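Comments concern the structure below.
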Amino acid sequence: MLSSLIQDQINRELKKYPVDQKQSAVMSALRFVQDEKGWISTDDMSDIADYLNMPQIAVLEVATFYHMYNLKPMGKTTITVCTNLSCTLCGAEDTVAYLESKLGIGFGEVTADGKFGLREGECMGACMDAPLFTINNKKLCGRLNHEKIDQILAELDKS
Amino acid sequence: MINIEIDGKLVETERGSTVMDAAHKAGVYIPHFCYHKKLSIAANCRMCLVEVEKAPKPLPACATPAAEGMKVHTHSELAIKAQKGVMEFLLINHPLDCPICDQGGECQLQDIAVGYGGGASRYTEEKRMVNPKQIGELISTLEMSRCIQCTRCVRFGQEIAGQMELGMANRSEHAEIMSFVDSAVDSELSGNMIDLCPVGALTSKPFRYTARSWELSRRKSVSPHDGLGANLALHVKENKVARVVPVENEAVNECWISDKDRFSYEGLNSPERLTKPMIRQDNKWIEVDWAVALEYVANGLRQIAGSAGAEYIAALATPHSTFEELYLLQKLMRGIGSGNVDFRLRQSDFSSDGKLTGAPWLGMPVSEINACDRFLIVGSFLRKDHPLLAQRIRQAVKAGGEANVVHAGDDDLLMKVANKAIVAPADMVNQLAQILKALIEDQGAPSTQSSVLNPQSLPALQGIEITDTALSIAKSLAAGERAAVLLGNFAQQHPQAGQLAWLAEQIAGLCSAKFGFLGEAANSTGGYLAGAVPFAATVQGMNAAQMLENPRKAYLLLNAEVELDMHNPQLAIAAMRKADMVVAMSAFKHQAMDYADVLLPIAPFTETSGTFVNAEGRAQSFKGAVKPLGDARPAWKVLRVLGNLLDVAGFDYNTSEAVRDECLSQGALADRLDNHMDDVELQGIQPGPLLQGGEAQPGKFQRVTDVPIYFADALVRRAASLQQTNDAAPPVAMLHGDELQKLGLQSGDLACVTQGGISVQLTVKIDGKLPRGVVRVPAGHPATSGLGAMFGELTVERA
């Protein structure tokens, strides 16, 4: 079942679209689920399908098409590092290596305490801040170096 | 119309059509995979790239609108280069192992690769692997790596089948066709995806690797199942039907067939096939020669006719029998002096017999359904009973039509339903009367000349209260220009079928709608034309129900398995047990082994020539595709010999065509179709017990019966793969949640369902869309064949 918070959020989205085209809200709905649970299970997808009156497979199509939806449990904080050209030229490989050594996990993995997950991302369209990563797809952290990463991780660890 | 030039040929094509359409008109072939004339345009395979003058780059012919003066080159250097390039890309990930592919020899990719592919691959890297998915018992996805992502299967589900069960997950190189979490594809039309797949990614699970396409000989045939008469091609290997595919006939089945038509052939080679005539002696079945068996039958019939009288002989045939078989059966019966012959085994109300002015039919050509803009569908499990007619109605609704439903169950029709009145069976007449009354009030009292309405019937409508739903339905119908009122199987099996039909005809008359019957089986219309009804000729007799209520001494059963095919199996079995002689002409061994005295192995539709007259009155003849199995013989020959043995005149036919021609010579088919009933007067319409608001006795319910799609006839019941689908799940009793609560039962509990003094144990399930006070118990299955009539009262208690 979708939580009442998610239902409220979806209902607000639905106002943007014609009544007979509820499925327009599918991307938002997936996002709300991920915000609440950290990832989207197939059960959630079928709940969304029921709620938006659309085929289950159509929800799965959307969820698997976009990279930012987590289809398996990720950490409380998911760090997504851009490894596209600009970031790589500015040292993304080093960022990844440093994160991997600090967290002890590779891409697609979660730390044992469940706090951090690491994902490889595509260009975020903010190349002037390369190298960069995002936190839970919401916050962009750019011009990374080891100190800055330490600082960000420390803050996240505390919260 | 606009003029365009394709490869130097001038073509006129409609405005808004595509270059692909124009090329078809010009007879120019453009290679393609994702394009299909019945599906929406995806333009994702890029195989149909052509050169268009003044366009800077090659354009996809399927998605490029034709424009005035356009000059298209499909074989220019640029076009060929583009097409070859696309082919090279397609073959990068596609396995190059055609010799071991099930599709090899009938594969569009293979064929087009001959024309546009390179002799060798430049690609030496690793190919992409796609894991097989589990999507049910009919379609195999073991070769999913062969998929070229044309998405025809996905679009078929969305647009034709009406439910999107397959989709393309992931993106670009990782894209895969799959169902949601390996759920089975349940569509009753799913097999068409196998035909649509241009490569070997989706293949037929029952057929896979049983034959190569070039070993098969193709014989045309006609589906014996529903009333549509879909055109089939039987693919035969070594005198066995190896598979069935559609033959395109735009006027009947378009290019589709239902899964029932496609996979029922498995039943033909079932171990239950009856291959030798058998006689019961001292309660043991012994195999005998045809001559002995037929002599035995003839003697038996002669004795009973001599001692008790010919009226003590009765004949029951299924509407799946061929036209010739039905004609000869009734001719034989009447020849020996008995009019007791009927093919309407699941019907219970015969009040319209003798009042019908013709054979009940669809009321219009099948192809006209697509053009209708308003529908009133009365009493039909439409999707499962008529998969392809439902598909046509779905297209009409999608094009702006409105579907209205009056029924006792509310299965998802996979189309938008404008209004629906879901009521208990006993309230259906009332519901139709409401709609009629609303129409009359809307249009003013009908003048006697202009309307078919019988004014004497009007008083009967007086006490009727019009509900909002009935009013909406009436308004919807009245607003249409080309409306259709269609009576489904359920309405025809209803104990007030005559009243329902009469009301439906009046409703249709008031809104200038076409009025028609959806035929239950291949010869539901043909059976009337063949005269296989008790009132068809001067020698009249009993109808199917009377023959059981007043047990006869001898029964001739043609294809009928009375324990599963009759309206009241309880009564049927009792009558069979009481009879002195039961002759079962059947392709299969069945429960007749318990009650019959003679079993005559007759040929199913693939092993005999014959004719089916479909719901629109189209007589479609077919030839036998394979030799009869064992000693089985075509039923028309068996009946002919019986006729000779019993000295009935006019039984010297040499071919089934001679039988057909004799019957058809009685007048043009089209003139003999008529749904009008004379002299029907509406009886006082009492609201059913539920409408009156009275509490039904606790535990007592009205029975709502469907005949599940894969239990509907002898052949599908034995089709192994179809029997493993979700549609063939063992029957359950379905009730509204409130009723279940009152009974103190929960979904999944075992309940004791009792009708006519016999109880069976069934699992109960909630169907919140059913009206209160009814229980839905399917027919056609051994688990429920102990119960009585398909309609009526039964009790449900905790087991």
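From the list B:Met1, B:Met47, B:Met20, exactly one residue is among the aliphatic types (A, V, I, L, M) and closer than 20 Å to B:Cys147 by Cβ. Which is it? Write out each step before concluding.
Details: B:Met1 fails: closer than 20 Å to B:Cys147 by Cβ; B:Met20 fails: closer than 20 Å to B:Cys147 by Cβ.
Testing whether each residue is among the aliphatic types (A, V, I, L, M) and closer than 20 Å to B:Cys147 by Cβ leaves just B:Met47.
If I filter segment B:150-158 for residues that are of a type in the set (Gly, Ala, Ser) and touching a residue at least 40 places away in the same chain (Cβ under 8 Å), do I get at least one hit?
Checked segment B:150-158: no residue is of a type in the set (Gly, Ala, Ser) and touching a residue at least 40 places away in the same chain (Cβ under 8 Å).
Quick grid of which residues meet (1) closer than 30 Å to B:Gly157 by Cα; (2) among the β-branched types (Val, Ile, Thr):
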site: B:Ala230; (1), (2): yes, no
site: B:Leu234; (1), (2): yes, no
site: B:Asn249; (1), (2): yes, no
site: B:Thr275; (1), (2): no, yes
site: B:Glu295; (1), (2): no, no
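Among what's in segment B:738-769 and is in contact with a Ser or Thr (Cβ under 8 Å, 6 or more places away or on another chain) and not in a strand (DSSP E or B), pick the residue that is surrounded by the fewest Cβ atoms within 10 Å (Cβ to Cβ).
Here the answer is B:Gly748.
In segment B:142-168, what count of residues is obtained for those that are within 14 Å of chain A (Cβ to nearest Cβ) and either of a type in the set (Val, Ile, Thr) or not in a loop (DSSP other than H, G, I, E, B) (or both)? Outline the logic, then answer.
To start, the set of residues in segment B:142-168 that are within 14 Å of chain A (Cβ to nearest Cβ) comprises B:149, B:151, B:153-159, B:161-168.
Those left that are additionally either of a type in the set (Val, Ile, Thr) or not in a loop (DSSP other than H, G, I, E, B) (or both): B:151, B:153-159, B:161, B:166-168.
Here the count works out to 12.
Report the residue count in segment B:699-737 for those that are within 26 Å of B:Leu382 (Cβ to Cβ), in a loop (DSSP other than H, G, I, E, B) and among the aliphatic types (A, V, I, L, M). Let's see the steps before the verdict.
In the first step, residues of segment B:699-737 are kept if they are within 26 Å of B:Leu382 (Cβ to Cβ); the result is B:701-719, B:721-737.
Next cut, in a loop (DSSP other than H, G, I, E, B) only: B:705-708, B:712-713, B:718-719, B:721, B:725, B:729-732, B:736.
Now narrow it down to the ones that are among the aliphatic types (A, V, I, L, M): B:707, B:712, B:719, B:729, B:732.
Looking only at that region, the number is 5.
Give me a count of the residues in segment B:82-121 that are surrounded by fewer than 17 Cβ atoms within 10 Å (Cβ to Cβ) and assigned to a helix (DSSP H, G or I).
Qualifying residue count for the region: 11.
If a residue must be closer than 23 Å to B:Met164 by Cβ and crowded, with 20+ Cβ neighbours inside 10 Å, how many such residues does segment A:1-30 contain?
So the count comes out to 5.
Of all the helices (runs of 4 or more DSSP H) wholly in segment A:56-159, which have at least 2 residues that are more than 14 Å from every other protein chain (Cβ to nearest Cβ)? Write out each step before concluding.
Details: elements: A:56-65, A:85-89, A:92-103, A:146-158.
The helices (runs of 4 or more DSSP H) meeting that bar are A:85-89, A:92-103, A:146-158.
For segment A:20-55, what are the residues that are within 22 Å of B:Ala175 (Cβ to Cβ), in a loop (DSSP other than H, G, I, E, B) and within 12 Å of the chain's Cα centre (by Cα)?
A:Trp39, A:Ile40 - these are the residues of segment A:20-55 that are within 22 Å of B:Ala175 (Cβ to Cβ), in a loop (DSSP other than H, G, I, E, B) and within 12 Å of the chain's Cα centre (by Cα).
Among (1) touching a His at 6+ places or on another chain (Cβ under 9 Å); (2) within 14 Å of another protein chain (Cβ to nearest Cβ); (3) surrounded by 22 or more Cβ atoms within 10 Å (Cβ to Cβ), where does B:Arg171 come up short?
All conditions are met except number (3).
Looking at the structure I just gave you, is B:Leu49 out of contact with any helix residue (DSSP H, G or I) (no Cβ under 6 Å at 6 or more places or on another chain) and among the aliphatic types (A, V, I, L, M)? Even if it seems obvious, please write down each step before you answer.
Working: out of contact with any helix residue (DSSP H, G or I) (no Cβ under 6 Å at 6 or more places or on another chain): no; among the aliphatic types (A, V, I, L, M): yes.
For B:Leu49, the condition - out of contact with any helix residue (DSSP H, G or I) (no Cβ under 6 Å at 6 or more places or on another chain) and among the aliphatic types (A, V, I, L, M) - is not met.
Return the total of residues in segment B:26-54 being crowded, with 16+ Cβ neighbours inside 10 Å and either of a type in the set (Ser, Thr, Tyr) or farther than 24 Å from B:Gln110 by Cα (or both).
3
Is it fair to say B:Ser217 is touching a strand residue (DSSP E or B) at 6+ places or on another chain (Cβ under 9 Å) and away from every other protein chain (no Cβ under 14 Å)? Before the answer, list the steps.
On the way: touching a strand residue (DSSP E or B) at 6+ places or on another chain (Cβ under 9 Å): yes; away from every other protein chain (no Cβ under 14 Å): yes.
It is true that B:Ser217 is touching a strand residue (DSSP E or B) at 6+ places or on another chain (Cβ under 9 Å) and away from every other protein chain (no Cβ under 14 Å).
Mind listing whichever residues of segment A:23-55 are more than 24 Å from A:Gly114 (Cα to Cα) and within 14 Å of chain B (Cβ to nearest Cβ)?
Step one: filter segment A:23-55 for residues more than 24 Å from A:Gly114 (Cα to Cα), giving A:23-29, A:46-55.
Matches in segment A:23-55: A:Gln23, A:Val26, A:Ser46, A:Asp47, A:Ile48, A:Ala49, A:Asp50, A:Leu52, A:Asn53, A:Met54, A:Pro55.
Condition check: touching a residue at least 12 places away in the same chain (Cβ under 8 Å), within 14 Å of chain A (Cβ to nearest Cβ), among the basic types (Lys, Arg) and buried (at least 17 other Cβ atoms within 10 Å of the Cβ). Does B:Lys133 satisfy that?
Working: touching a residue at least 12 places away in the same chain (Cβ under 8 Å): yes; within 14 Å of chain A (Cβ to nearest Cβ): yes; among the basic types (Lys, Arg): yes; buried (at least 17 other Cβ atoms within 10 Å of the Cβ): yes.
So B:Lys133 fits the description; yes.
Please give the strands (runs of 3 or more DSSP E) falling wholly within segment B:559-658 in which 2 or more residues are touching a helix residue (DSSP H, G or I) at 6+ places or on another chain (Cβ under 6 Å) and under 24 Å from B:Thr525 (Cβ atoms).
Result: B:610-613.
Please tell me if A:Thr80 is closer than 28 Å to A:Lys158 by Cβ, touching a Ser or Thr at 6+ places or on another chain (Cβ under 8 Å) and among the polar types (S, T, N, Q).
On the way: closer than 28 Å to A:Lys158 by Cβ: yes; touching a Ser or Thr at 6+ places or on another chain (Cβ under 8 Å): yes; among the polar types (S, T, N, Q): yes.
Yes: the conditions hold for A:Thr80.
Assess whether B:Arg344 counts as being in contact with a Pro (Cβ under 9 Å, 6 or more places away or on another chain) and under 25 Å from B:Asp706 (Cα atoms).
yes
Given (1) away from every other protein chain (no Cβ under 12 Å); (2) out of contact with any His (no Cβ under 8 Å at 6 or more places or on another chain); (3) surrounded by 20 or more Cβ atoms within 10 Å (Cβ to Cβ); (4) of a type outside the set (S, T, N, Q), where does B:Lys237 come up short, assuming only one miss?
If we test B:Lys237 against (1) away from every other protein chain (no Cβ under 12 Å); (2) out of contact with any His (no Cβ under 8 Å at 6 or more places or on another chain); (3) surrounded by 20 or more Cβ atoms within 10 Å (Cβ to Cβ); (4) of a type outside the set (S, T, N, Q), just (3) comes out false.
Of the residues B:Ile194, B:Ile177, B:Ile257, which is within 14 Å of another protein chain (Cβ to nearest Cβ), surrounded by 21 or more Cβ atoms within 10 Å (Cβ to Cβ) and either β-branched (Val, Ile, Thr) or assigned to a loop (DSSP other than H, G, I, E, B) (or both)?
Every option except B:Ile177 fails the conditions.
Quick test of your reading of the structure: B:Gly8 fulfils all but one of (1) more than 43 Å from the chain's Cα centre (by Cα); (2) at negative phi. Name the failing condition by number.
(2)
In this structure, does B:Gln546 turn out to be assigned to a helix (DSSP H, G or I), of a type outside the set (A, V, I, L, M) and farther than 25 Å from B:Phe381 by Cα?
yes
Just so you know, all these numbers are worked out from the coordinates, no wet-lab data involved. As the structure is a computational prediction, the values presented were derived from the model and not from experiment. Glycine gets a Cβ as well: all are built from the backbone with ideal geometry, and neighbour counts include every protein chain shown.
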